[in-house]
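Visitor: Mind having a look at this structure? Questions to follow.
The values are calculated or read from the model by the stated rules, or taken from the named source; none is laboratory data. If you're wondering where the values come from, they're calculated on a predicted model, not measured in any experiment. Cβ coordinates were reconstructed from backbone atoms using ideal geometry, including for glycine residues, and neighbour counts include every protein chain displayed.
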Amino acid sequence: MNLPGNKLQGISIKIENAEVYSIGNIRALLAEIAARLESLVENNQPAMIDLNGLPFAPGEYEQLRQTLGQGEVSARIEVIGTSEIIETRYPGVWWATHYNVEGDIVADIIEIAWLPDILRSQAEDAFEGLQRLKELLDERGA
């Protein structure tokens with residue numbers, strides 16, 4: 001409709017910097033997780049997927065959380081902020097969220113592994129633990 005005095009008529013509009021999301025991010029991500037879990041099972045090859053770098057459409061992050069669900073194992077670590085590690089309902093697929101001291105998410109990772117690296121004892125820590133245990137045994141005369 002061409003109304004008299006409509007000065008906007010004929011002006012083309014171009015949207016810049018619009019965020020573009022792909023349809024099916026969740027399905028593609030689940031397929032990637034399945035492929036990496038297969039690699040873990042068949043070749044003992046762990047993997048990580050950094051969720052912070054992925055272009056989630058509104059609601060997809062929550063949908064992924066709901067789809068993966070929560071399994072039987074979870075851990076909370078308090079070191080320079082909190083880390084929450086949750087086994088999903090798919091054993092071998094772990095969701096690790098790391099927070100800074102202010103409570104902001106600094107890393108959000110899907111780790112495909114028998115056990116997430118952050119839960120493994122470091123060799124130096126195990127050595128120190130061994131030394132302390134030996135000292136305790138020496139003190140008690142065992």
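Visitor: Which one of G53, G81, G92, G69 is over 14 Å from the mean Cα position of the chain (by Cα) and of a type outside the set (S, T, N, Q)?
Guide: Exactly one residue qualifies, and that residue is G81.
Visitor: For the stretch 59-66, does any single residue satisfy the condition of being under 20 Å from the mean Cα position of the chain (by Cα), modelled with pLDDT of 95 or more and of a type in the set (D, E)?
Guide: No, the stretch 59-66 contains no residue that is under 20 Å from the mean Cα position of the chain (by Cα), modelled with pLDDT of 95 or more and of a type in the set (D, E).
Visitor: Just wondering, is there one or more residues in the stretch 103-110 that are small (G, A, S), under 10 Å from the mean Cα position of the chain (by Cα) and under 17 Å from P46 (Cβ atoms)?
Guide: Yes - at least one qualifying residue is present in the stretch 103-110.
Visitor: Looking at (1) in a helix (DSSP H, G or I); (2) at pLDDT below 95, which is the only condition V101 fails?
Guide: Single failed check for V101: (1).
Visitor: So in the stretch 86-142, with the set limited to residues that are surrounded by fewer than 11 Cβ atoms within 10 Å (Cβ to Cβ) and either touching a helix residue (DSSP H, G or I) at 6+ places or on another chain (Cβ under 8 Å) or of a type in the set (S, T, N, Q) (or both), which one is farthest from R36 (Cα to Cα)?
Guide: Q131
Visitor: Hey, any hits in the stretch 17-31 for a residue that's under 15 Å from the mean Cα position of the chain (by Cα), not aromatic (F, W, Y) and not in a helix (DSSP H, G or I)?
Guide: no
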